[in-house]
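Step one of this worksheet: look at the structure below.
The values are calculated or read from the model by the stated rules, or taken from the named source; none is laboratory data. None of the values given here were measured: they were computed from a predicted structure. All Cβ positions, even for glycine, are placed from backbone atoms using ideal geometry, and neighbour counts span all protein chains on display. To get the accessible areas, we keep the full protein, side chains included, count just its heavy atoms, and leave off ligands, DNA and RNA. Shrake-Rupley method; radii C 1.70, N 1.55, O 1.52, S 1.80 Å.
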Amino acid sequence: MSSEDPNSLSLLEGLHSTPARRYLSTEPISDEVVRAILDAAVRGPSGGNSQRWAWIVVRDAEVKRQIAEWYREGWDKNYGSRREQILRADDPEGMSAASFRAADHLAAHLEEAPVWVFPVLLGAARSSNPRLGSSIYGAVQQLMLAARAYGIGSTLTTLYAGHEDGVRKLLNLPDDALTMALIPLGYPARGRWAQPKRRPLDEVVFNERYEERG
C-alpha cells in the first residue's frame, strides 16, 4: 500500500507533475482511496451545475477483459498498425518512441490496472455539441490530480469508443448516456512524477489575437 500523504502535495506541484502514467502495477487500491478521489472529482465544473453525470468504477475482471479487447482493437487500428513507422520516425512533434511504447504497454496490460473509472454524461448520446465535454472534463482532470496526490497514476483514453454500444450494455447505462473516457488507475510500476514536456509558452500564447508564427 502506498504511504503517500495526499495533503503533502501542493496544488501547483500537482499541476506541474501529473503526466499520463501508463505503466501501472496490480497493487490494489482501497475503496476508501477511490472514494476520496471521486469526491474530489465531483467538485469539478459542471455546466449549469446540472451534474448530469455518473462515475462508473469497474473492478470486475470479466468486464475489464471484454472492454480491453475492444480497446486493443482501437489501439491497433489507430497506432499499433503503424508501429515501425512511429518508432522509426520518433517525431518530436508527434508521438515519441517512448510514448508509443508506454501506450502500447497500456493496451497490452489494460485489464491489469486494479481500478477503472468511466465518467459518463447522461442524456448525451445523441448530442452534436462539439463542446459537450466541457461539462465533465474539468472534473476528470480533478480526478487525475486527486489520484496523483495519493501516489496513483492515471491516463485518459477513449480507444474503446468504437464499441460504445457494447460498453454501454456492459455498464448497464441508459441508451441516452455517453461514456466520455476510460481512466485506468494504479500505483505506478515504473517512471516518475515528472513535468510533462510542452511547447514553450511563447509559441502558444497570444495577446489579443492569434498570429501565425513561422
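Show me the GluC sites (Glu not before Pro) within the range 92-164 that DSSP assigns to loop and that have at most 14 other Cβ atoms within 10 Å of their Cβ.
Filter output for the range 92-164: E93.
Taking each pair of distinct Cα atoms in the chain once, what is the resulting Kirkwood hydrodynamic radius in Å?
Value: 18.6 Å, from the Cα pair sum.
Between R126 and R59, with labels modelled 7 Å along Cα→Cβ, what's the label distance in nm to one decimal, could you check?
Each label point is offset 7 Å from its Cα along the Cβ direction, giving 3.7 nm.
Under the definition of Cα pairs under 8 Å and six or more residues apart, what whole-number percent is the relative contact order of the chain?
Reported as a whole number, the value is 38 percent.
Mind putting a number on the dipole of the chain about its Cα centre? Charges go on the C-beta only, +1 for Lys and Arg and -1 for Asp and Glu, and I need it in Debye to the nearest 20.
120 debye
Answer with one residue from W116, S96, T158: the one whose Cα lies farthest towards the positive end of the charge dipole of the range 94-210, charges on Cβ with Lys, Arg +1 and Asp, Glu -1.
Value: S96.
Between S30 and E84, how high is the FRET efficiency from 1/(1 + (r/R0)^6) when r is the Cβ-Cβ distance and R₀ = 45 Å? Nearest 0.05.
So the FRET efficiency works out to roughly 0.60.
Quick check for you: with a 1.4 Å probe and neighbouring chains kept, what is the accessible area per residue of the range 1-116, in Å²?
Normalised by residue count, the accessible surface of the range 1-116 is 60 Å².
Among Q51, Q142, Q85, which one shows the biggest mean-square fluctuation in a GNM of the chain, springs joining Cα atoms closer than 10 Å?
Q85
Roughly speaking, what is the stretch gain from A194 to M95, that is 0.36 nm per residue apart minus the C-alpha to C-alpha distance, in nm to one decimal?
Fully extending the segment from A194 to M95 adds 33.9 nm.
Measuring from centroid to centroid over Cα atoms, what is the spacing of the range 141-214 and the range 1-50 in Å?
Taking the Cα centre of each part, the range 141-214 and the range 1-50 sit 13 Å apart.
Taking K169 as the anchor, which aspartates and glutamates have their alpha carbon closer than 16 Å to its alpha carbon, excluding any fewer than eight residues away along the same chain?
D60, E62, E69
Given the protein chains as shown and a 1.4 Å probe, how many square angstrom of E62 are accessible, to the nearest 10?
Surface accessible to solvent at E62 totals approximately 110 Å².
Not counting the cut sites, what is the longest span of the chain without trypsin sites (Lys or Arg not before Pro) that DSSP labels loop and that have at most 14 other Cβ atoms within 10 Å?
Segment 60-125 is the longest.
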